[in-house]
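**Student:** Mind having a look at this structure? Questions to follow.
The values are calculated or read from the model by the stated rules, or taken from the named source; none is laboratory data. Please read all numbers here as calculations on a predicted model, not as lab measurements. All Cβ positions, even for glycine, are placed from backbone atoms using ideal geometry, and neighbour counts span all protein chains on display. In case anyone asks, the SASA skips ligands and DNA or RNA and just uses the protein heavy atoms, side chains included. Shrake-Rupley method; radii C 1.70, N 1.55, O 1.52, S 1.80 Å.
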Amino acid sequence: MKVPTDLIIKKAMADKGIKNGRQLFQLGGGRFTYQSVCNALNGKNIDLKNLVAMLDAMGFKLTYKDK
């Protein structure tokens with residue numbers, strides 16, 4: 001099952017109380033660009049390293065489980 005990145009990012013932001021992409025960008029401390037945040041929130045493709053960095057900035061860890 002493929003889950004869109006915008007749903008992952010928006011759920012993580014809601015869990016941490018981050019209201020918008022600007023707050024997420026500032027929280028990242030330069031690990032990813034503001035354009036990457038906008039692309040993620042609008043459902044566009046982003047690099048996996050940027051997705052991991054955004055989740056890491058919010059205190060989450062992306063893991064892969066083999067079935």
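**Student:** Restricting to the range 23-40, name every residue that is open to solvent by 40 Å² or more (accessible area, probe 1.4 Å) and assigned to a helix (DSSP H, G or I).
**Tutor:** Hits for the range 23-40 are GLN23, PHE25, GLN26, LEU27, TYR34, GLN35.
**Student:** So, in the range 41-55, exactly how many residues are part of a helix (DSSP H, G or I), free of Cβ contacts under 8 Å to residues at least 12 places away in the same chain and open to solvent by less than 100 Å² (accessible area, probe 1.4 Å)?
**Tutor:** 1
**Student:** For the range 56-66, does any single residue satisfy the condition of being assigned to a helix (DSSP H, G or I), of a type outside the set (Asp, Glu) and either surrounded by fewer than 13 Cβ atoms within 10 Å (Cβ to Cβ) or in contact with a Ser or Thr (Cβ under 8 Å, 6 or more places away or on another chain) (or both)?
**Tutor:** No, the range 56-66 has no match at all.
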